[in-house]
Amino acid sequence: MKLVAGPASTYLAEKIADKTGLEIIKLEHKIFPDGESYLRFPEEIEGEDLVVIQGTHPPQDRHLIQAYLIAETALDLGAGSVTLVSPYLAYARQDKRFRPGEPISILSVLKLLNSAGYGKIYTVNIHSPWIAEKSPMPLIDLHAEKALADYLKELKREYSHVVSVGKKGEKMAGMVADELGADYLAAKSSRDRVTGKVSVELEASRGLGKVLIVDDIISTGGTMVKVIKAVRKLGAEEVDVACIHGLMAGNAVEKIISAGAREIISSDTIPSDYSKYSVAGVIAEALMRGK
Ligand code: R5P
């Protein structure tokens with residue numbers, strides 16, 4: 001088994017190689033002046049079982065076509081098999097037909113990747129875990145909340161409360177609260193599918209102290225801003241926010257800081273200045289287990 005560092009995730013492929021001791025193939029890569037991707041395997045790969053590390057975070061469509069080109073080319077050059085590790089899986093939030101006429105985008109993406117030749121896909125904290133049952137290839141959803149909790153424990157962070165966002169975030173934030181020995185609170189959130197407007201409800205029976213808000217994704221920051229305001233209204237003295245996937249679209253960071261957050265903590269599924277803990281260990285363990 002060899003790792004292939006896709007252009008989107010070379011940094012992560014290197015960390016996984018360090019942890020697993022697996023050999024890493026670094027693709028030659030450039031972007032043509034018109035925006036198209038050029039890729040080349042710099043060595044023979046005939047008969048090799050390849051694990052391609054290629055996130056499909058923004059620019060999603062470019063990263064997806066690169067993932068497609070890598071698998072098709074690898075198999076055409078005689079690779080034995082190709083597995084994809086896409087720590088952030090693009091389009092996972094469009095997991096159903098919310099309004100008539102819409103695509104179920106995540107299923108289309110999974111079909112596309114499978115048609116490229118991927119026989120298996122690993123991802124981290126997928127927004128819609130139930131999609132695994134409908135995936136045309138085995139989809140393994142790894143979890144990074146323990147890595148987040150371990151990072152915070154190492155820093156000896158203490159919080160009075162850990163707050164989850166929305167129904168799907170409850171298990172994840174609950175686990176972080178348990179690990180940190182903090183109380184746990186659930187904020188209810190809902191999004192208007194036409195306007196995109198997010199509403200948040202949060203009730204607490206007593207005052208909040210130092211609070212950590214945990215969500216799976218921060219994209220525009222709109223949801224997080226609402227939760228920050230809600231916890232501050234309930235008296236929170238200090239607020240940190242954490243997520244697995246920090247997309248940080250547009251001025252998300254500025255909005256979150258202006259709303260009163262002290263620190264933004266994200267994993268490195270999507271590289272940014274806020275990538276403070278790594279999912280490399282979780283991925284490395286899963287790859288070695290599934291070998
Ligand atoms: C929603 O279900 C997710 O858990 C996140 O709360 C949401 O995707 C965040 O998006 P935004 O940052 O744009 O509000």
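The values are calculated or read from the model by the stated rules, or taken from the named source; none is laboratory data. Owing to the predicted nature of the structure, the values given are computational and were not obtained by experimental measurement. No Cβ is skipped: glycine too gets one built from the backbone with ideal geometry, and neighbour counts run over all protein chains shown.
Could you list all residues from region 127-155 that are among the hydroxyl-bearing types (Ser, Thr, Tyr) and not assigned by TED's automatic domain parsing to the domain that holds residue 114?
Answer for region 127-155, where residues must be among the hydroxyl-bearing types (Ser, Thr, Tyr) and not assigned by TED's automatic domain parsing to the domain that holds residue 114: just 151.
So which strands (runs of 3 or more DSSP E) stay within region 1-56 end to end and still have 2 or more residues that are of a type in the set (A, V, I, L, M)?
Where strands (runs of 3 or more DSSP E) fall fully within region 1-56 and carry at least 2 residues being of a type in the set (A, V, I, L, M), they are 2-5, 24-26, 49-53.
Could you list, in sequence order, all residues of region 45-77 that are free of Cβ contacts under 8 Å to residues at least 24 places away in the same chain and more than 18 Å from the chain's Cα centre (by Cα)?
Listed by number, the list holds a single entry, 76.
Looking for something touching a Gly at 6+ places or on another chain (Cβ under 7 Å) and among the basic types (Lys, Arg) - is there at least one such residue anywhere in region 228-247?
Yes, some residue in region 228-247 is touching a Gly at 6+ places or on another chain (Cβ under 7 Å) and among the basic types (Lys, Arg).
Please go through region 56-83 and pick out each residue that is within 30 Å of residue 248 (Cβ to Cβ) and not hydrophobic (A, V, I, L, M, F, W, C).
Within region 56-83, 56, 57, 58, 59, 60, 61, 62, 63, 66, 68, 83 qualify.
Just one of 198, 214, 239 is surrounded by fewer than 20 Cβ atoms within 10 Å (Cβ to Cβ) and among the β-branched types (Val, Ile, Thr); which is it?
Result of the check over 198, 214, 239: 198.
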